[in-house]
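Here is the structure we will look at, set down as structure tokens.
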Amino acid sequence: MKQALAIVAHELKLFLSDRRSVIVGIVTPILLATFFGFLFSGAGKQDTAKIPVLVSDSDGSAVSRAVVAGLAADPLLAVTPATESAAREAVKRGKAAAAVLLPKGFGDSSVRAFFGAAKAPEIALLVDPSRATEAGLVRGLLSEKVFREASREAFGGSSGTKVLEESLRSMEANPAPATPERETLKQLLRDVTRWKESTKLGTDGAGATARGPGSSVPFTLKEEAVTARTGVTYNSYAHSFAGMGIQFLLFVALDFGIAFLLERQGGIWKRLRAAPLSRSSLLVGKALAGALVGLISVGATFAFGIVVLGIRIQGSVPGFLLLLVASALMASSFGLLLAALGKTPGATRGLSILAVLLLVMLGGGWVPAFVFPEWLRTVTLVLPTRWAIDGLDAVTWRGAGFVAGALPPAAVLVGYAALFLLVSRLRFRWTDG
């Protein structure tokens, strides 16, 4: 037992002697727990996870303007006016959770439909299929605003008065034999007309006619899931495999970085420098080797998802392959950067694990980036992981093409790979100590 306790004391002393590893071991869970607590608390944060919604009002009537104003005033929504084409494009690219399209003649038709004098108007609701929960919330809020504003106009607005009078005249002029149902409806219309006449005596300070309480009004809602291609369905595995594929791609690069440091400690780099190779050639060769290993890892991950879980590349297949290669180059160069900046394998491993976890977490690999507050969604655009995950989403389930979906994120990833290689070349220490 004395020998066992001596071993325990020795190992504990070794652990405590590496201050960086100790600090990272404490800081990492604190940072991750704090981030998720902040993300899902929502307390006192007015901009937290507001749902971005675009609204196209082709009618411009009092009812449609009131509906748009009601949506904009809701604290859960971030409403932006847009044309129909711009709204559809934004939902297609994942820039908005939903888009509401109010058709021409919506206001008049909704009031007439309330009294059965016209067909119920159709509102188009374009939704991002990956954001079903948010789409459901938007659907409910939209129904509430439309019911309230259309019924207010029906009972208190000028168009409601006109429709009431037309409906009453039409029923009284109808030569068909009277029925109990029709007589009841006629009496209802007469009562409502008299009530509206009485409410005209009361106006607000601006002289506007006081409106009665909201009621229900018939309308139809046509919901359409919007992706880059018609008929493309959302596959939740596609996003999760993109996030986890990038995460373990970075972990492969981390292992390469630690191996570089161990090789330097063992004096291997001294022997390599004696060979007729430049430093740049050595680093580029290591980067390409790391990228190839990482590419095998992420390729096998997606191959399993495609064969077993039904993930489909609905967009550009060349774009998908380009993104995998660009992501592998970025990750491998990142591993070289860790080796260039690290001092000891132990300290570098702890800091690198923290860096990888933060990159993947903030890049949307664990939870989709749309649940982040607006300011955080903007800040995370500087991370290569955000571009990699969004790009893979675009060419898989969103169905985006090569130019629109793959080329921009691939260019950013290659740019980061070049930057990491440059810093590695400038900062790499070729001898240990």
*Out of curiosity, is Ala124 over 30 Å from Thr378 (Cα atoms), surrounded by fewer than 22 Cβ atoms within 10 Å (Cβ to Cβ), touching a residue at least 24 places away in the same chain (Cβ under 8 Å) and not charged (D, E, K, R)?*
no
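For every residue, the table says whether it meets (1) out of contact with any Ser or Thr (no Cβ under 7 Å at 6 or more places or on another chain); (2) buried (at least 17 other Cβ atoms within 10 Å of the Cβ); (3) modelled with pLDDT under 85.
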{"site": "Arg271", "(1), (2), (3)": "yes, no, yes"}
{"site": "Leu277", "(1), (2), (3)": "yes, no, yes"}
{"site": "Ala289", "(1), (2), (3)": "yes, no, no"}
{"site": "Gly294", "(1), (2), (3)": "no, yes, no"}
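On the given criteria, is Ala69 among the aliphatic types (A, V, I, L, M), farther than 20 Å from Glu223 by Cβ and at pLDDT 75 or above? Break it down into steps so the answer makes sense when it comes.
Numbers: among the aliphatic types (A, V, I, L, M): yes; farther than 20 Å from Glu223 by Cβ: yes; at pLDDT 75 or above: yes.
For Ala69, the condition - among the aliphatic types (A, V, I, L, M), farther than 20 Å from Glu223 by Cβ and at pLDDT 75 or above - is met.
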_Would you confirm, using the coordinates I've provided, whether Phe251 is more than 16 Å from Thr396 (Cβ to Cβ), surrounded by 17 or more Cβ atoms within 10 Å (Cβ to Cβ), at pLDDT 90 or above and over 22 Å from the mean Cα position of the chain (by Cα)?_
yes
*Does the range 346-385 hold any residues that are assigned to a helix (DSSP H, G or I) and of a type outside the set (A, V, I, L, M, F, W, C), and which are they?*
Gly346, Thr348, Arg349, Gly350, Ser352, Glu374, Arg377, Thr378, Thr380, Pro384, Thr385
*asked:* Need the failing condition index for Val298 against (1) of a type in the set (Val, Ile, Thr); (2) surrounded by fewer than 20 Cβ atoms within 10 Å (Cβ to Cβ); (3) touching a residue at least 12 places away in the same chain (Cβ under 8 Å), just the number.
replied: (2)
_Which of the numbered conditions does Ala411 fail, given that it passes all the others? Conditions: (1) modelled with pLDDT of 85 or more; (2) under 27 Å from Ile30 (Cα atoms); (3) of a type in the set (Gly, Ala, Ser)._
(2)
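The values are calculated or read from the model by the stated rules, or taken from the named source; none is laboratory data. Quick caveat: nothing in here was measured; it's all calculated off a predicted structure. Reconstructed Cβ throughout: ideal geometry from the backbone, glycine too, with neighbour counts over all protein chains shown.
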